[in-house]
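Notes follow the structure.
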Amino acid sequence: MIQFQLETDKALFESAIQFGQKQVKKLIEKSPDFCPMYTQKGKWKHEGAAWTHWCDGFLPGILWLFRRYEADREGKDVDYWKVQAIRYSKPLEVRKNDRDVHDLGFIFLSTYYRWYQVDRNPEHEAVLIEAGKTLALRFREKGQYLRSFVSEDSLFIDIMMNVGIIFYAARATGDKHLREVAVRHALTTRRMLVRGDGSTAHEGLFDTTTGEFVRQATHQGYRADSCWSRGLAWALYGFGTCYEYSRDPHFLETAESCADYYITHSPADGVAPWDFNAPTESRKLLDTSAAAIAASGLLRLSRLLQDPVKGHFYWNTGLRILRSLCEKHLADKEKGWEGILKGGVYHLDKKLGVNESVIWGDHFFIEALEHALRHL
Ligand code: GLY
């Protein structure tokens, strides 16, 4: 029975990755050098607003994942994906000094980090280090957090996915100050944005004069005191990464408590509503990108736990979410749809990318599939 499940999962996941490759090949042939964000009626190219420029690493990140997938199975397309991955990653180098976004982890951990894993070229590591140093400049001593792109007094849960690049730069250079910035930011986020039940707030606001915490708030969630599912998924994954770098058990505990909230509050198939506390009708709107991030985060977290039973449970839950995404949300049945996964939500309030494909959803879906297939 178990063997049968493994074989069906393997076939399902392989076919999803291969569908993803087809979609991405079409996109890069139709619109060379274009980095998408979210679709409108299934099409990547449109005039819709970006809100903030945080997504340019995800398409190249997918290209690196395809390279790795092909390399592991000694596929014939390894070089094709590598050439494309390099072509799409190179132009991002200038962003290593970008002070306008808090997203340098998203941009560089999915691209230059993967590139450096392949060729160990110190020039590529230097880009990662520079990006980590730039992100650390957002640190506010008063309040002890990396400020979000919106304002000086604002801390976002999303930054937990970016702080890893500061840990990376600290480890590569031995710079204790950088490590301290990363640890303090994560401790502040844990204290102010993660609640006792493992749910998370999207944003925290501080008094910039005194550094005192003022209140929780949101931009993309339902309410300040609700749990926006993608924010929770960022926390689940991001605190796991913090634990990997710091080995501080508090961060593992936090990742687990966010994971447990995600699992116990999601429907049986593991695909979460866009906000866990939205009114009943609105909760029918799912966010498949939150599910893809949670799946990938759970697979990673499962390797970090001391308790093998819980590790096994997280691994199997990650697989269960992937199964649901493949079976119910893949865009393969919709002719002309350009994304890989349907049913993502970017910004409901601003009406951007609602029930569409979103490039980070596709990225973390492929990341999780590739990870799972390495072990099945
Ligand atoms: N800005 C990150 C997100 O939409 O999740």
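The values are calculated or read from the model by the stated rules, or taken from the named source; none is laboratory data. Nothing here was measured: the structure is a model prediction, and the numbers come from that model. Glycine also receives a Cβ, built like all others from the backbone with ideal geometry; neighbour counts cover every protein chain displayed. Keep in mind that these areas ignore ligands, DNA and RNA; they rest on the heavy atoms of the full protein, side chains included. Shrake-Rupley method; radii C 1.70, N 1.55, O 1.52, S 1.80 Å.
Computed values, structure above
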| item | result |
| --- | --- |
| Wholly enclosed helices (runs of 4 or more DSSP H) of the stretch 288-376 bearing at least 3 residues more than 20 Å from Phe19 (Cβ to Cβ) and out of contact with any strand residue (DSSP E or B) (no Cβ under 6 Å at 6 or more places or on another chain) | 288-302, 308-324 |
| Residue in the stretch 258-281 that is more than 16 Å from the ligand (Cβ to nearest atom), buried (at least 24 other Cβ atoms within 10 Å of the Cβ) and part of a helix (DSSP H, G or I) present | yes |
| Spans of helices (runs of 4 or more DSSP H) in the stretch 1-111 with at least 1 residues in contact with a helix residue (DSSP H, G or I) (Cβ under 6 Å, 6 or more places away or on another chain) and within 16 Å of the ligand (Cβ to nearest atom) | 58-72, 104-109 |
| Positions within the stretch 112-126 being under 17 Å from Leu63 (Cβ atoms), in contact with a helix residue (DSSP H, G or I) (Cβ under 8 Å, 6 or more places away or on another chain) and not hydroxyl-bearing (Ser, Thr, Tyr), in sequence order | Arg114, Trp115, Val118, His124 |
| Residue match in the stretch 236-252 (condition: touching a Pro at 6+ places or on another chain (Cβ under 9 Å) and open to solvent by 10 Å² or more (accessible area, probe 1.4 Å)) | yes |
| Which listed residue is in contact with a Ser or Thr (Cβ under 6 Å, 6 or more places away or on another chain), among the hydrophobic types (A, V, I, L, M, F, W, C) and open to solvent by 10 Å² or more (accessible area, probe 1.4 Å), from Trp337, Trp315 | Trp315 |
| Residue check for Thr241: touching a residue at least 60 places away in the same chain (Cβ under 8 Å) and over 15 Å from Leu298 (Cα atoms) | no |
| Scope the stretch 103-152; condition farther than 23 Å from Ala85 by Cα, in contact (Cβ under 8 Å) with a residue 60 or more places away in the chain and open to solvent by less than 50 Å² (accessible area, probe 1.4 Å); matching residues | Gly143, Gln144, Tyr145, Phe149 |
| Matching entry among Val345, Val354, Val358 (being within 20 Å of Phe13 (Cα to Cα), within 14 Å of the ligand (Cβ to nearest atom) and not basic (Lys, Arg)) | Val358 |
